[in-house]
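Before any comments, here is the structure.
The values are calculated or read from the model by the stated rules, or taken from the named source; none is laboratory data. All values reported here derive from a predicted model rather than from experimental measurement. Cβ placement follows ideal geometry from the backbone for every residue including glycine, while neighbour counts extend to all protein chains displayed.
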Amino acid sequence: MVFCLGTIQAQQPALSNRVANYNMDINLDTETKKLNCSTILTWTNPSADTISELYFHLYYNAFKNANSTFFKERGVPDWLTSDIDETCGWAYSHVSNFKDDAENDLSASLEYVQPDDNNPDDQTVLKVTLAKPVMPYQTQKFTFDWEAKIPKTMPRTGYNKDFFFFAQWFPKVGVYEPAGMRFAEEGQWNCHQYHSSGEYYSDFGNYEVKMNVPSNFIVASSGVNVGIEKKGERKIWHFSGHDIIDFTWTCSPHYIINEDNYKQTNIRLYTYSYKDHLKERYFPTIKFCMQFLDEHLGTYPYKTLSIVDPPIHGMFTGGMEYPTIITSLSFCFFPEGIKTPETLVVHEFIHQYFMQMVATHEVEETWMDEGITTYYEGRILDAYMGEHTSTIDVLGFKCGNKEFNRAEYFSSDSRKLAPNSAKSWHYKHGGYGDIAYNKTALWLQTLEGLLGVELMDALMKKYFQTWKFKHPSRNDFIAIFNEGVKEALPEKYPNGLDWFFQQVLFGTNECDYKVKSITNTESEAPRGFINNLDDCSAVAATLKKYNSQVIFQRDGEITVPQNLQIIFEDGSSQFFSWDGQERSFDVSVATDLKIVEARVDPEGIIMMDRNLINNYMTVQPVSGSVRKIVGKVLTKMQHLMESISLLI
Amino acid sequence: MSKVIESYKKGWQFLWNHKSVLCVIYIINLLLAYLSVGPLKNYLESAFGSSTLAKKLADKFDYTIIMDVINNYGVGVGVSLSSLFTFIFIYVFWSSFTGAGVMGLVKKRKQNPDDNFKLVQFFIEGAIYFFRFLRVSIYLLFTYAVVLFLMFKFFSKDGLSVFEFESEVFLINRFWILIILFIIIAFFGSIFRDIARSFIVIEDQPNILKSNIKALKSIVIVESIALSLINLIPLVIISALYYLLRNVLNEPFIVAFIISQIFLLFRIIYRIVRCASFLEFTD
């Protein structure tokens, strides 16, 4: 018997080049924790080269033993794998019976390779030598079987109790980059080992996947559910995903489903019953996010979006992004003021645009994936829930998303360990999150400030529209911006923005400008020989009352053009510009009014400035304000002391 | 029950007749709090220098400014915090002293009702019973520590590995049960403390063990519970009113400050009345 839960996808025009297409029949054994699968891979050679080898990711082999590159890099914490030996939570992925469309058995040619670190124990990349090469722009079908032992509570994937989550789980073909694509000087395979940080870089394709699971299990997956077939005590769930770079699914007997819609997209929330109330937070948030991105970048083109909020014992899979399916993370007791569910669902959905549709290389250029996503996360959440309340708003403690990420970055002592251009596995000693996520968001916010939000939006939209369903590199991003600012702001940035990207992408320097001093000196009449050599005396002249000077200083190494503001005692102000190049810069004015205040970057657009406090200076002492702050602390202290004395 | 009400009334009468004691306790509280925030004041002045952002922070909680202060001028944070904790510690001693002073004074006044009250008597009585009161506080503190430890053991009896849990619902239920349990224990703990202290003052023996045993027997007496509740009810009402007002009248600062001081005064009044009424009740 067949139940059709979803609308069978009509044949829609291809959005991508559909290089790698998979047809998979999967059997899940929930007792032995194993997957068995037969796969048909239909692969198109995207180049003028003749391809005689294929490379596959075998992600599950990262969990085969503790010698894998993944384990060595990450040092997976004990709390995650404490019972791995007792329960044999180790995993593997084993490919067999590999054949091409001429029925040549290529199994003997299978060979593990380690292109990144030569670690002989790492088996996460499999090379297949072809008996029948794939000719330029031709398509060939390959069939193979594979068996996987499912890991227990590994990062992002695995099982725990009767909760299963399959991410980075199937043998996935690498990306063949023709000469000229991204950084390829000649045709080459790009198929990195599975590193502890960064996963994505895959070709677009169609996925037809049938999962055979126990009949009481509910499946959530990438793509659209096109049918469920009951077979005895089991059910076969059929999902179909078009123009996506990966395929992820999960199943559990305990999922409950809530639904909503945004335009043509059916949004489904899969969670456990005790977290059902969170739907009131998830749906409005995701719809706001979808609308924001719809207006600012382009329409989400898929028919489904599945949000999975895993149970507490499935936390290891939370906060991740996969094509048309994302995971959040929450506890049922979260008060509304802790915005973690909103933050995660927004962040992971933005990834549908940056890495899923604009399919950048997360391992080689992490910032283009996580960084751009964090930038939009700040914009969307601050717009949705307030710039000072979008992350936490509990008991008077308030914090916005952008300000939280900025503070997190500047609080980290790893923030200068690597430039933004570093590959994911180069963050050996930390800094991945700080630099790839937060630093990028900060300099993108700064870029937005320099260009103006309208131009920034226009260029980001152009970037998205130009590169969706393709694989851009940083050069492509930079080219869009260089071209855009030369056209829109030719006087301000005649040479584009290379000077900016050079500093923020390839360096570890920081930015800090400040107001150093304000002086107001009473004017004196000129003295000495002024007009002629016969008369050495003061000259009566019409003078302004004060010669005032403000000195601005650059303490950081990064240079950015700065707006300067000086404010006079009557409240009027004057604005100046400084190219920000010199170490110091002064503004001198003759005036009848004293300067009472000076500001560097008065609009607060240079978000990557390390210290905003020294951007503002007044000649009036701020002791009144300090007294007020101290007064507040003092009353809290009084009550705290009295409270403790009440108890004992 | 009439004894309970009579004791409570006498507690207020004591306060009314000894307002200077209230003033002293309030002034010491203010002084200690002022001294404790001294390093913070210096720290903030050095951090902000003459930055106008100080005004922004003074007006409302601003995460960015706070974090910029910590990240750029962070050395002083530790010093400021340790100073705050030091003064909390000192205040614990002071509160034992004030309890001793109040209860000792109640006893003295009952014995010699016609003598003129001099503030120095409060300090003398405080000095007499201080160390015995402090011992009661230490026992109580130790008891709370044991209770909290046992509660933690109960809370984590199924382990703390989230991967072992079916759901977090039972955790949060367990948490609330423990919170309620702790409030009940603290309620009876405070009855024990005040009755034990009363016996110490009344019997004036160097060994406090007998007083403590007597107090333990008295904590479940209905009258003791009623007296504690009668004392607590106005505090709960005033606290609720304060938190309501604080949200409404947050600005200007001076208004918020005055309301806060009035509330603090009431909390000190509660402590004095409670001490005096429990001694009247026990005597």
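Filtering the range A:452-496 to residues that are touching a helix residue (DSSP H, G or I) at 6+ places or on another chain (Cβ under 6 Å), buried (at least 20 other Cβ atoms within 10 Å of the Cβ) and over 18 Å from residue A:357 (Cα atoms) leaves A:456, A:481, A:484, A:493. Scanning the range A:258-280 for residues that are of a type in the set (D, E, K, R) and either more than 22 Å from residue A:163 (Cβ to Cβ) or in the same structural domain as residue A:383 (by TED's automatic domain parsing) (or both) gives A:260, A:263, A:280. Of all the criteria given as (1) of a type in the set (A, V, I, L, M); (2) within 14 Å of chain B (Cβ to nearest Cβ); (3) on the phi > 0 side of the Ramachandran plot, the one not satisfied by residue A:394 is (3). Taken together, A:212, A:206 contain a single residue that is of a type outside the set (Phe, Trp, Tyr), within 30 Å of residue A:472 (Cα to Cα) and part of a strand (DSSP E or B), which is A:206. For the range A:223-235, the candidate set comprises residues that are under 19 Å from residue A:29 (Cα atoms) and assigned to a strand (DSSP E or B); within that set, the residue that is nearest to the chain's Cα centre (by Cα) is A:228.
Of A:71, A:165, all but one fail to be modelled with pLDDT of 95 or more and under 27 Å from residue A:28 (Cβ atoms); the exception is A:165. For the residues B:259, B:200, B:238, the requirement of being assigned to a helix (DSSP H, G or I), touching a Phe, Trp or Tyr at 6+ places or on another chain (Cβ under 8 Å) and crowded, with 20+ Cβ neighbours inside 10 Å singles out B:200.
Inside the range A:208-249, residues that are among the small types (Gly, Ala, Ser) and in contact with a Leu (Cβ under 8 Å, 6 or more places away or on another chain) make up a count of 1. Just a yes or no: is a residue in the range B:149-163 of a type in the set (Lys, Arg) and within 12 Å of chain A (Cβ to nearest Cβ)? Within the range B:149-163, not a single residue is of a type in the set (Lys, Arg) and within 12 Å of chain A (Cβ to nearest Cβ). Looking at the range B:16-121, the helices (runs of 4 or more DSSP H) lying wholly inside it that each contain 1 or more residues that are within 24 Å of the chain's Cα centre (by Cα), farther than 30 Å from residue A:608 by Cα and polar (S, T, N, Q) sit at B:19-36, B:75-111.
Yes/no per residue for (1) in contact with a Pro (Cβ under 7 Å, 6 or more places away or on another chain); (2) more than 30 Å from residue A:155 (Cβ to Cβ); (3) part of a loop (DSSP other than H, G, I, E, B); (4) hydroxyl-bearing (Ser, Thr, Tyr):
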position: A:86; (1), (2), (3), (4): no, no, yes, no
position: A:95; (1), (2), (3), (4): yes, no, no, no
position: A:98; (1), (2), (3), (4): no, no, no, no
position: A:102; (1), (2), (3), (4): no, yes, yes, no
position: A:116; (1), (2), (3), (4): no, no, yes, no
position: A:123; (1), (2), (3), (4): no, no, yes, no
position: A:127; (1), (2), (3), (4): no, no, no, no
position: A:132; (1), (2), (3), (4): no, yes, no, no
position: A:137; (1), (2), (3), (4): no, yes, yes, yes
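Can you say whether residue A:405 is closer than 30 Å to residue A:303 by Cβ and within 14 Å of chain B (Cβ to nearest Cβ), as far as the supplied structure shows? Answer is no for this residue. Condition check for residue A:603 on (1) away from chain B (no Cβ under 12 Å); (2) at positive phi; (3) touching a helix residue (DSSP H, G or I) at 6+ places or on another chain (Cβ under 9 Å): one failure, at (2). If you check B:246, B:197 for being within 11 Å of chain A (Cβ to nearest Cβ) and within 22 Å of the chain's Cα centre (by Cα), only one passes: B:246. Report yes if residue A:446 is under 28 Å from residue B:51 (Cβ atoms), among the polar types (S, T, N, Q) and part of a loop (DSSP other than H, G, I, E, B), otherwise no. No; evaluated as a whole, the condition is false for this residue. Considering only the range A:317-336, state which residues are away from chain B (no Cβ under 13 Å) and either farther than 18 Å from residue A:259 by Cβ or at pLDDT below 95 (or both). Within the range A:317-336, A:319, A:320, A:321, A:322, A:323, A:336 qualify. All conditions in (1) free of Cβ contacts under 8 Å to residues at least 60 places away in the same chain; (2) at the interface with chain B (Cβ under 10 Å from one of its Cβ atoms) hold for residue A:611, with the sole exception of (1). Filtered by the rule that a residue be of a type in the set (Val, Ile, Thr) and within 24 Å of the chain's Cα centre (by Cα), the range A:140-178 gives A:153, A:157, A:173, A:175.
Of B:266, B:188, B:199, B:182, all but one fail to be of a type outside the set (Lys, Arg) and touching a residue at least 40 places away in the same chain (Cβ under 8 Å); the exception is B:199. Test residue A:626 against the criterion of being modelled with pLDDT of 90 or more and not aromatic (Phe, Trp, Tyr), and give yes or no. Spelling it out, it is not the case that residue A:626 is modelled with pLDDT of 90 or more and not aromatic (Phe, Trp, Tyr). Of the strands (runs of 3 or more DSSP E) entirely within the range A:570-648, those holding at least 2 residues that are surrounded by 17 or more Cβ atoms within 10 Å (Cβ to Cβ) and more than 34 Å from the chain's Cα centre (by Cα) occupy A:584-591, A:595-600, A:616-618. If residue B:168 meets every condition in (1) under 30 Å from residue A:160 (Cβ atoms); (2) of a type in the set (Asp, Glu); (3) in contact (Cβ under 8 Å) with a residue 24 or more places away in the chain apart from one, which number is that one? (3) is the only condition that residue B:168 fails.
Restricting attention to the range A:139-155, the residues that are within 14 Å of chain B (Cβ to nearest Cβ) and either not in a strand (DSSP E or B) or not aliphatic (A, V, I, L, M) (or both) add up to 4.
Strands (runs of 3 or more DSSP E) fully within the range A:294-410 that include at least 2 residues being in the same structural domain as residue A:421 (by TED's automatic domain parsing) and over 22 Å from residue A:454 (Cα atoms): A:392-394, A:397-399. Residue pairs whose Cβ atoms lie under 7 Å apart, sitting 6 or more positions apart in sequence or on different chains, and linking a residue in the range B:49-72 that is without any contact (Cβ under 8 Å) to a residue 24 or more places away in the chain and more than 7 Å from chain A (Cβ to nearest Cβ) to a partner that is in a loop (DSSP other than H, G, I, E, B) and buried (at least 17 other Cβ atoms within 10 Å of the Cβ), are B:56/B:62. Could you check the range A:286-316 and list, in sequence order, the residues that are β-branched (Val, Ile, Thr) and either within 11 Å of chain B (Cβ to nearest Cβ) or out of contact with any Phe, Trp or Tyr (no Cβ under 7 Å at 6 or more places or on another chain) (or both)? Matches in the range A:286-316: A:299, A:304, A:312. With respect to (1) touching a Gly at 6+ places or on another chain (Cβ under 7 Å); (2) outside any helix (DSSP H, G or I), the lone exception for residue B:280 is condition (2).
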